[in-house]
Ligand SMILES: Nc1ncnc2c1ncn2[C@@H]1O[C@H](COP(=O)(O)OP(=O)(O)OP(=O)(O)O)[C@@H](O)[C@H]1O
Ligand SMILES: [Mg+2]
């Protein structure tokens, strides 16, 4: 199985969303939100976009939040991303980050934002970073995040773009099989549809299933595997 990011629909929608944030007019606020269930590809998509932007010379900042984060540890991680040591009091870090974001036109991606959405101080700090730079800031989290942020009116009102990650459809599953599997192997549409259904459209589970199909095909020397050829071999943990 190849290791690359496939440009399925959620990826393309996210790229558009970020492009819109970058080219928005002065009157539109620039906070974006990416949300959706676990394993749907949010982190992979943002990392991919991050690399594309870096190649284009627009190095953004990417930080992942942790369950134990505070405003202080969050800011310290952004400082590390910028390439600087943390500073105290926190106000100094905020000033430093604002200056760096302004001077280098840095956008900021905040992954696993669920961990900080319940923390008023961290969330208000993020709003401060946005208000002082007006550089795009994108929050990434699970399904619940949109509802939880909606209680923070000041931040919520600054969200102008959002993407909800959807379950992969058959076309997406086909694209994964085309781009990730060994070129010698093709998978029948009925087996791809079976994988789509049984995975619930979750990319993580789709790739696990495709890898099993690929291994079996290589082991048996078959180049085409459909539902009948697969038989009742196990593809999913909950397979009955
Ligand atoms: N577009 C893609 N192309 C190739 N592989 C992908 C793609 N999207 C997701 N994956 C794979 O699926 C797995 C799950 O994706 P990812 O970790 O990005 O999901 P997530 O939405 O961030 O989940 P969580 O909410 O648990 O953090 C990863 O191992 C990744 O390799
Ligand atoms: Mg993730």
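Give the separation of the Cα centroids, region 116-143 to region 2-47, in Å.
With region 116-143 and region 2-47 each reduced to a Cα centre, they are spaced 17 Å.
Could you calculate, for the chain, the ratio of the Cα radius of gyration to the Kirkwood radius, expressed as Rg to Rh?
My calculation of the ratio gives 1.06.
To the nearest 10 degrees, how steep is helix 9-22 against the longest Cα principal axis of the chain, on a 0 to 90 scale?
20 degrees
What translational diffusion coefficient, to the nearest whole µm²/s, does region 19-125 have by Stokes-Einstein, given a Kirkwood radius computed over alpha-carbon pairs, a temperature of 37 °C and 0.692 mPa s viscosity? Don't skip to the answer; put the middle values down first.
Working: Rh = 15.0 Å.
Here the translational diffusion coefficient equals 219 µm²/s.
Can you tell me the length gained on complete extension of the stretch residue 52 to residue 156, counting 0.36 nm per residue apart and subtracting the Cα distance?
34.7 nm
Rounded to the nearest 10 degrees, what's the angle between the helix 120-133 long axis and the longest principal axis of the chain, both from Cα atoms, 0 to 90?
80 degrees
Mean separation of Cα pairs under 8 Å and 6+ residues apart, divided by the residue count of the chain: what relative contact order is that in percent?
27 percent.
Starting from the Cα of residue 220, move 7 Å in the Cα-to-Cβ direction to define the label point; list residues of region 184-206 whose amide nitrogen is under 19 Å from there.
Inside the label zone: 184-196.
At 0.36 nm per residue, and after removing the present C-alpha to C-alpha distance, how many nm does the segment from residue 143 to residue 198 gain when stretched out fully?
Working: separation 55, 0.36 × 55 = 19.80 nm, distance 2.06 nm.
Gain on stretching residue 143 to residue 198: 17.7 nm.
On the Cα set of region 170-230, report Rg and Dmax in Å, please.
10.3, 29
What is the helix-to-structure angle for 42-55, meaning the angle in degrees between its Cα long axis and the longest Cα principal axis of the chain, kept from 0 to 90 and rounded to the nearest 10?
70 degrees
Which of 162, 230 comes first, and how do the rest follow, when ranked by fewest Cβ neighbours within 10 Å?
162, 230
Quick one: compute the contact order of region 170-230, relative version, from alpha carbon pairs under 8 angstrom and 6+ residues apart, as a percent.
44 percent
Can you put 27, 97 in order of Cβ neighbours within 10 angstrom, beginning with the fewest?
Listed from fewest to most nearby Cβ atoms, that is 27, 97.
Going by Cα centres, region 168-191 and region 80-101 are how many Å apart?
45 Å
I'd like the FRET efficiency for residue 189 and residue 131, computed as 1/(1 + (r/R0)^6) with the beta carbon distance as r and R0 of 51 Å, rounded to 0.05.
0.50
For residue 104 and residue 171 in one chain, what is 0.36 nm times their gap in residues minus the Cα-Cα distance, to one decimal in nm?
Values: separation 67, 0.36 × 67 = 24.12 nm, distance 3.90 nm.
Length gained, residue 104 through residue 171: 20.2 nm.
Laboratory data are not the source of any read-out in this text; all were calculated from the coordinates shown. It should be emphasised that the depicted structure is a prediction, and the values quoted were computed from it without experimental measurement. Cβ coordinates were reconstructed from backbone atoms using ideal geometry, including for glycine residues, and neighbour counts include every protein chain displayed.
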